[in-house]
1. Which translational diffusion coefficient, to the nearest whole µm²/s, is obtained for segment B:1-138 from the Stokes-Einstein equation, given a Kirkwood hydrodynamic radius over C-alpha pairs, 4 °C and 1.567 mPa s?
2. Run the dipole for chain A about the Cα centre, Lys and Arg Cβ at +1, Asp and Glu Cβ at -1, nothing else charged, and hand back the magnitude in debye, nearest 20.
3. Under 5 Å between amide H atoms, partner at least 5 residues away or on a different chain: which partners does residue A:213 have, H built in plane at 1.01 Å?
4. Over the Cα atoms of segment A:220-277, compute the convex hull volume and normalise it per residue, giving Å³.
5. Let me know the mean shielding of A:35-42 by other chains, meaning the per-residue number of their Cβ atoms within 10 Å of its Cβ.
6. Once you keep just the Cα pairs under 8 angstrom separated by 6 or more residues, what percentage relative contact order results for segment B:144-255?
7. Give the average over all directions of the projected area of the C-alpha convex hull of segment A:235-328, one decimal, in nm².
8. Counting only other chains, and only Cβ atoms inside 10 Å, what mean value do you get across the residues of A:132-142?
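Values in this text are rule-based calculations from the coordinates and carry no lab data. Since the structure is predicted, the reported quantities are computational estimates derived from the model, not experimental observations. So basically every Cβ, Gly included, is an ideal-geometry build from the backbone, and we count neighbours across all protein chains shown.
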Amino acid sequence: MIRRLLSLVFALCALAAPARAKDELVLAMTQTPGTWNPLISSMLAKSLISNMTARPLTAWDANWKLVCLVCTELPTLANGKARVIDLPDDGKGGGKKGMEIDIELRDMRWGDGVPVTAKDVAFTLEVGRHPLSGVASSEAYKRIIKFDARDDRHFTMTIDRVTFDYNSLGLSLLPAHIEKPIFDANPAEYRNKTAYDTDLTNPGLAFGPFRIVESVPGSRIVLEQNPTWTGEKPHFKRIVVRIIENTAALEANLLSGNVDYILGELGLSLDQALAFEKRHKDKYNVVYKPALIYEHIDAMLDNPLLTDKRVRQAILLAIDRKAISEKLFDGKQPLAHGPISPLDPMFSPVARQYPYAPADARRFLDEAGFTDVRNGIRHNAKGERLSIEITTTAGNRVREQVAQVIQSQLRQVGVELRIKAEPPRIFSEGLNRRNFGGLAMYAWVQQPEGVPRSTLHSDEIPSAKNGWSGQNYPGYRNAEMDKALDDAERELDEGKRRALFADIQRIHADDLPVLPLFFRVDPFVIPKPLKGVVPTGTLNSSTLWVEQWRWEE
Amino acid sequence: MTRYLASRAVGMLVTLTLMSFVVYVLIGLMPGDPIDMMIAGDPKMTSADAARLRALYGLDKPLVERYLAWALQAVQGNFGYSRSFGQPVLAVLGPRLLNTLTLAGLAFVLSAGIALPLGIWAAAHLRSRADYLINLLCFAGISAPPFWLALLLITLFAVFLGWLPAGGMADPRPGASWIANLSQQLRHLALPVLTLTLVQLGAYTRFMRGAMIEVLRQDFVRTARAKGASERRVMWGHAFANALAPVLTILALSFGGLLSGAVITETMFAWPGMGKAIYQAILDNDYNLALVGLLVATFATILGNLLADLAYVWIDPRVSLGSDGP
């Protein structure tokens, strides 16, 4: 009887054994995408898949160079497709300048055969600007004050200001022929009725190399080649993306062959990848791509202990970031010297850098008045103990380890650090409401040549008055910094802009409202037969070039 | 019976209403709102955007007013939309409930099916070597953290032996036979069901064993033996029915808990179920989804309790469902 049962089980196993052809790729990632509408919210899990089914107008490639994906040529001042113009008088005195940008769309078609046209762009802008559409950030859409379509593939956009990033148009298009009737019926209900959530497998929602043919929420998304795609033909006929939230289970799935490749942008953690590489480097190439993810510590400038910049400088001087990177990250994470990545074209090597110098740290603390050392902890003349709380996200093992090392290093110079780990949502709330006592360790995601306005400009300090928007959580105010940030955004000349970026980095390094730690790397564990995966390190994921991925045994 | 069921239905309705209010208020009082999370994720959001979105989602209104608006819609069958998924809450939860029922139901049937006879057998062979071994295994099962057990099973059966998939749900192939698709389903279910079964098995066996030991000491069992009843008759005919009542209560309650409590197993095996959905909804401040998910779990627990009460009557004729009923 038992033998018969076992034979039946083995027969079933044999029947169900994976019989995947090489034209199918099974991917995995750790997050479930939420709403699929590209405008309603931004989410990495969603964009990793959406980038296979559609493309933004422009994107940053792996060399951090801006390229056209849906347009034929990147509009620039040099090629005459972008111009500075005088804006018509808006009744507030006039004299304002703006910009005009000419775009020619590539010959592309939605999956149902309808061409991608300027009507789609106009509709996307309409949804983005509408107060009831549910779009999170409407600023980029509101900046476009005029839209003139010359024909289906040529149009001109007028923006309300002069800004250097005029041609960074990460606009994700909506299919007007499907979405417009839904939107027009009731804009306030659009976010709940959009075809992206009610009819996701509608071929008309995709104009990229793939289209979604099946979605089992929380489990998998299945994509197949889009027959109307006009670009390079993809090598895979079918892509299955599995959602596996636990990274240990993710690794086991990879090793068991249940998954071919884990998307590096949303996959294994760095420590996991380092250990994995040691054990399985014969079968996998591990690529550590420095990303624009800025790990740092915000200093609450309202805290009297942190008001004096010498204390902040001393703290940074007392942290051996190089040793942390080498011990915890195998030296893979590049040190941050400020908000601009050393790999960014706008990085300034001239700005002050803070090496590990505990003697200097002690001297700075002495100068700041913390001279009285009792039980290893410094006190000032008022008897205030130099004891600071550092808050970080609970569950992020790497960050918790870093906090512990920093705690121990600061103790060496007489600074007591109290670690407080909070669940991400509690932590976010504390940051948004500026409700953290001393230091807060977390990361920002940036884009190449991005002006760090939202984190350093005094207009961006969250408060009840501004609805707790803005990301200048330390509460940093410096008129010189504000001016440099404003000017950098407006400066069209690259050389002058570079000088302004250098100013921003110099002022930041001197004032140190934020203590830079590292730029995180995304580990890409790529099976050796999988070719063509090029990590970008930016928000524009590697899946934007999925048609180049191929399997070569 | 009808009167009893009607009174229980009313009680159930009152409990669910109270629970909905308590859960809504508790979620609402948690730090942060959905817009805070959007701001944290999008540096380009302005104060005007934040104010616009709070008004759009009704977050600018007092908590009680928001609850009343939701309750009014809920009684009309509209439980609202999930903010994260942009879909009606029931459309998001429906398939997940089915997934959890499949997983938890199979694990429940298996664990109860093994645990009850095992517990009885251990009680009948008290302090024997087999009893000690069963106890040891029970404590091992109770003590093993589900995530560790899951990883162990994945490593053994998926990575080393390669017999079973490491997780996820079956991916039906177009054109494949129904038997191939069914076997795919079963292969994907095997490890999560085994994990949940092993986690529950120890506790159920210990409950059954304890209840049986207690009953076997009763006078009526001694009388039955004195009257010459066979050991089989004593165990199954007399002791089992009496020992089953307290175990049933525990089984009923634990089944309700399984609907929302299998979160670790569901996460480890990438099984999109209720537990995972509720947990994520709470983290994401998805009020409607978290609320309805928790209400479904509450309903399942109350229903389990009711079924246990009805089962008492079936297994013990002394219990009646009158005004002094259970």
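1. On the way: Rh = 20.1 Å.
D = 64 µm²/s.
2. On the way: 71 positive and 71 negative charges, 287 e Å.
Dipole magnitude for chain A comes out near 1380 debye.
3. Answer set, sorted by chain and number: A:222, A:223, A:224.
4. On the way: hull volume 6.4 nm³, N = 58.
Taking only Cα atoms, segment A:220-277 has a hull volume of 110 Å³ per residue.
5. Details: counts 7, 3, 1, 0, 0, 2, 8, 5.
Counting other chains' Cβ atoms within 10 Å and averaging over A:35-42 gives 3.
6. Values: 71 pairs, mean separation 24.0, N = 112.
About 21 percent, as a whole number.
7. Numbers: hull surface 38.2 nm².
It is 9.6 nm².
8. On the way: counts 3, 2, 6, 3, 11, 11, 7, 6, 1, 0, 3.
Mean number of neighbouring Cβ atoms from other chains: 5.
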